[in-house]
1. Could you derive backbone 3J(HN,Hα) for region A:320-327 from the dihedral phi with the Karplus parameters 6.51, -1.76 and 1.60 (θ = phi - 60°), listing whole Hz in sequence and x where the residue is Gly or Pro?
2. Search the structure for amide H atoms under 5 Å from the amide H of residue A:224, placed 1.01 Å from N in the peptide plane, and list their residues when 5 or more places away or on another chain.
3. Rounded, prolate or oblate: pick one for chain B, where a ≥ b ≥ c are the square roots of the eigenvalues of its C-alpha gyration tensor, a/c under 1.5 means rounded, and failing that, prolate if a/b is larger than b/c, else oblate.
4. Would you rank A:204, A:239, A:155 by solvent-accessible area, highest first, keeping every protein chain in place and using a 1.4 Å probe?
5. On average, how many beta carbons from a partner chain sit within 10 Å of the beta carbon of a residue in B:76-82?
6. So for chain A, taking the charge dipole from beta-carbon charges (+1 Lys/Arg, -1 Asp/Glu), which of A:74, A:23, A:185 sits furthest toward the positive end?
7. Using protein heavy atoms only (no ligands, DNA or RNA), what is the total accessible area buried between A and B, 1.4 Å probe, nearest 100 Å²?
8. If you take every DSSP beta bridge whose two residues both sit in chain A, what share of them, in percent to the nearest 5, is antiparallel?
Amino acid sequence: MTTDVRPLSLLCELTYRCNLQCPYCYNPLDLDGYRDEIDTATWQRVIGEAADMGIVQLGFSGGEPTLRRDLSALVRTAAARGLYTNLITQGTFLDAARLAELVDAGLDHIQISLQAPERELADEIAGTVVHERKLEAIARVQNSPIALTLNCVLHRNNHDSIAAVIDLAASFGVRKLELANVQFYGWAYRNRGGLMPTREQVAHGLEVATAAKRRYAGRMEIVYVLPDYFEDRPKACMHGWGRAFMTVAPNGRAMPCPGAATITSLSFENVRDRGLAAIWNGSAAFTAYRGTAWMPDPCRSCDRREIDWGGCRCQAFALTGNGAAVDPACALSPDHDVIVALRETGSRHPTLVPRRMREATPA
Amino acid sequence: MTTALRPGFERGVRLRTADDGTAMLLVPEGAIKLNASAAAALALVDGERSIDDIVAHLCARFDVDDARARDDVTALFERLRMRRMLVLA
Ligand code: SF4
Ligand code: SF4
């Protein structure tokens, strides 16, 4: 079976290894299951196939992608095919030599994530001493030919620092700042009780971000991403399942979104065994929720069905056990009360479990 | 905006024209589809030509009048400048 929808973007999750331990990490709980990483030649083949398919955007993420020694080689392969290359990193390994290597390879854009604007809180969230090194990396990238975006994942423990995050970004003169409320996948889902911002925090954050957006118009673009759980219509997750995005996990598993492995009722194909285009067109995981034919009521007859494509499949599965259910974030979902109840977990304070490679007891 | 300014792409912004002639602006983690007239204007952006030069080029090549082209091009560049995709020097 082929499809006339073509992907625009491929996310290459090079490794799930990381020296940080953010409790909001969206990586899967069974990190150890991804240690068998695909090799350089396989990634290069995949990148070539992506270019052949008309993909224009390539992301390198993880875990921490700079832990792969072949990162620059992969950037070079992508740049040679005219692909736009993005590196999504926490920045602790971006010393002058590494950055020069990436500039030389033709990297277009780096996104660096910050845990918080203050050293103490940032290091506490990361579970290790990293903040100063990150600030150095930010300054270094700002002085390079590569475009820089700063990103800060917001949750209960850092949400009140939002104004300071904006000031910090402005002091570096960055062109874009993303303030994204935590999305509950992987470790973040496990820690949702401790991460869920309060309703007051979200309202305050939106107000501060909206004012800053006006203040910095034309100098710094500020994006504030509301948490799904606080809205009554879902986001167009991935612009629709199997419509624009592909992700390849460190072990070669090809997925419609980085969280898709949590939908245990699906089986995924591996780029070691099959070409990228064939997987996009024909693999059961990609066709399962593509388009609108799979939709239940009320999505099936809803006038938003080709706007939000029924919301997030991973969230539907996590909260209802059925990947083809209406996203409970939608107020029209029969399971919407689950979301309403989850919002209230923002009033409890369970302990956060730091992300670790060896996790004995997945939740 | 004075039309003597010279537009150039910001870091991390590039124009890409596909084999079928369709063009997009590639930006950090995104792609903006361009219509034919925006693509024609942006293809002339090189950090050297002024807005006046670009308008003159467009008028010579296409059947548009100067005032209309100037308005359209200025509006396009201003939108992209506000989104930090273009610098005007
Ligand atoms: S979210 Fe934190 S722990 Fe997870 S990959 Fe990014 S930096 Fe590492
Ligand atoms: S019913 Fe379905 S299509 Fe309609 S808004 Fe809700 S999730 Fe979207």
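1. Running phi through 6.51 cos²θ - 1.76 cosθ + 1.60 with θ = phi - 60° gives 10, x, 10, x, 9, 7, 4, 4 Hz.
2. Correct list: A:179.
3. The shape class here is oblate.
4. A:239, A:204, A:155
5. 1
6. Going by the Cα projections, it comes out as A:74.
7. Interface area, both chains combined: 1700 Å², rounded to the nearest 100.
8. Within chain A, antiparallel bridges account for around 10 percent of the total.
The values are calculated or read from the model by the stated rules, or taken from the named source; none is laboratory data. Since the structure is predicted, the reported quantities are computational estimates derived from the model, not experimental observations. We place every Cβ from the backbone using ideal geometry, glycine too, and count neighbours over all the protein chains shown. Areas reflect the complete protein model, heavy atoms only, side chains present, ligands, DNA and RNA absent. Shrake-Rupley method; radii C 1.70, N 1.55, O 1.52, S 1.80 Å.
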